[in-house]
Amino acid sequence: MSQSHALHAGAKLISLVDTVPRIQSSILEKGSSVLSQLMFKPPVKKVAKNTVQHQHSVVCRPCTADDRNAMVDFMTRQFVTREPLMQSVHATTSNSRMFVEHCIDEALIQEASFIARNEDTGKVFGVRLNAIGPSSGIEMENDFGFYINLIPRFLHHMEKDVPKLLGTDSFMRHVAICVEPGAIQCGVATDLMKASAKHAKVNGLKNMVAMCSWKLPYKLAQKVGFRSVLRVPYAEYAESLRCEGEKAMEPFLSLAKSEGVAHTMVRDV
């Protein structure tokens with residue numbers, strides 16, 4: 001081997017020896033990073049009693065007056081625009097707001113409703129409005145506009161005989177439930193339901209009552225133990241409004257085609 005070749009080989013060897021510690025250091029750093037990720041557990045945020053915490057600081061808890069405005073905005077944007085009964089009466093975020101505010105204010109007074117909310121950002125992921133006992137019917141004394149007025153009238157028709165059917169007025173009455181589309185099938189609705197059922201049991205109520213205006217909630221209610229105690233075909237209800245004209249009948253004739261019937265459902269506590 002020539003002297004130049006020997007010097008060149010020696011330089012390569014020195015370079016390789018110098019590189020090995022750097023490779024080892026890099027491997028150790030990466031290994032340490034992976035290990036730290038595997039061992040790291042994000043802190044669990046403590047929440048108040050009777051609440052359920054989801055990922056990203058979403059907590060299911062009783063509604064309070066501080067939630068009122070966020071609840072109104074959420075229900076007008078998410079519930080009104082998606083619920084078939086509301087859509088059948090041409091409800092919008094603007095013309096239904098007074099009715100939504102009334103329902104939420106009544107629910108807050110009775111302190112039996114629940115919200116799933118990110119306590120860090122304030123974002124609402126779900127709301128379940130409940131009331132205790134039969135409706136007072138006070139909403140029918142208000143004027144929410146011709147079409148929106150049809151909603152409380154129909155709800156009264158579906159619920160007025162519940163105390164007689166159950167033999168008691170000791171029940172929780174489901175008013176509305178809505179879950180953020182991106183949170184559907186993430187357990188939010190389930191936790192809102194469990195919180196409501198627990199509240200009913202703790203307060204000595206005998207039953208939970210829900211009016212299902214379309215097919216999906218009817219099927220979901222059956223899965224969690226609700227049974228139908230009243231079945232009202234929309235076409236039949238529309239016919240009862242004939243003396244008020246086609247304008248009053250039209251929403252329910254539309255629902256007769258898409259949904260068929262509405263159900264009043266009951267579950268034992």
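Report yes if Ile177 is part of a strand (DSSP E or B), in contact (Cβ under 8 Å) with a residue 12 or more places away in the chain and either assigned by TED's automatic domain parsing to the domain that holds Ile104 or polar (S, T, N, Q) (or both), otherwise no. When the stated conditions are applied, Ile177 passes them. Based on this model, can you work out whether Phe114 counts as among the aromatic types (Phe, Trp, Tyr), crowded, with 16+ Cβ neighbours inside 10 Å and either at pLDDT 95 or above or in the same structural domain as Asp66 (by TED's automatic domain parsing) (or both)? In short, yes. Among the residues of region 165-182, the ones that are within 17 Å of Arg227 (Cα to Cα) and touching a Pro at 6+ places or on another chain (Cβ under 9 Å) come to 2 in all. Picking from residues in region 132-165 that are among the aliphatic types (A, V, I, L, M) and farther than 22 Å from Arg77 by Cα, the one that is surrounded by the fewest Cβ atoms within 10 Å (Cβ to Cβ) is Ile138. Among residues that are at pLDDT 95 or above and touching a Cys at 6+ places or on another chain (Cβ under 6 Å), Ala91 is not included. One residue is enough: does region 82-91 have a residue meeting the conditions closer than 30 Å to Thr168 by Cα and of a type in the set (Val, Ile, Thr)? Checked against the condition, which is being closer than 30 Å to Thr168 by Cα and of a type in the set (Val, Ile, Thr), region 82-91 yields no hits at all. Scanning region 198-222 for residues that are part of a helix (DSSP H, G or I) and either free of Cβ contacts under 8 Å to residues at least 24 places away in the same chain or over 19 Å from Ser135 (Cα atoms) (or both) yields Lys198, Lys201, Val202, Lys215, Leu216, Pro217, Tyr218, Lys219, Leu220, Ala221, Gln222. Just one of the listed residues (Pro217, Pro251) is over 25 Å from Leu165 (Cβ atoms) and surrounded by 15 or more Cβ atoms within 10 Å (Cβ to Cβ), namely Pro251.
The values are calculated or read from the model by the stated rules, or taken from the named source; none is laboratory data. Fair warning: this is a prediction, and the values are worked out from it, not measured in the lab. FYI the Cβ positions are ideal-geometry reconstructions off the backbone, even for glycines, and counts take in every protein chain you see.
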